[in-house]
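To start, the structure under review is shown below, and the notes come after it.
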Amino acid sequence: MLTENTATEASEFIVWLRDHYLPAPDLIRYTTEDAVTRGLDTDWRVPSRGGREQIVEELEQHLRVVTS
């Protein structure tokens, strides 16, 4: 569980986890406190390919959706 991180900071850990630790990288799922608080149970998944920039975009899109 990551807490108190920016999307950029979290992306560094996510890329490492996806590329070096998990055998099935398309299974990494995530949520945020805002999503849980609002009752949003969408299956948010980390992109199985791409670099930190793509993951940052995905995380920021998630935040736009759950805070709007």
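The values are calculated or read from the model by the stated rules, or taken from the named source; none is laboratory data. None of these values were measured; they are calculated from a predicted model. Ideal geometry is used to build each Cβ from the backbone, glycine not excepted, and the neighbour counts take in all protein chains shown. To get the accessible areas, we keep the full protein, side chains included, count just its heavy atoms, and leave off ligands, DNA and RNA. Shrake-Rupley method; radii C 1.70, N 1.55, O 1.52, S 1.80 Å.
Here are the numbers:
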read-out: Members of segment 11-50 that are touching a helix residue (DSSP H, G or I) at 6+ places or on another chain (Cβ under 6 Å) and small (Gly, Ala, Ser); value: Ser11, Ala35, Ser48
read-out: Selection from segment 45-63 of residues that are open to solvent by less than 80 Å² (accessible area, probe 1.4 Å) and part of a loop (DSSP other than H, G, I, E, B); value: Val46, Pro47, Ser48, Gly50, Gly51
read-out: Residue in segment 9-32 that is nearest to Arg45 (Cα to Cα), counting only those that are assigned to a helix (DSSP H, G or I) and of a type in the set (A, V, I, L, M, F, W, C); value: Leu27
read-out: Hits in segment 30-44 - residues which are closer than 17 Å to Met1 by Cβ, in contact (Cβ under 8 Å) with a residue 24 or more places away in the chain and exposed (fewer than 14 other Cβ atoms within 10 Å of the Cβ); value: Asp34
read-out: Enumeration of residues in segment 1-29 that are surrounded by 11 or more Cβ atoms within 10 Å (Cβ to Cβ), at pLDDT below 90 and in contact with a strand residue (DSSP E or B) (Cβ under 9 Å, 6 or more places away or on another chain); value: Asp26, Leu27, Ile28
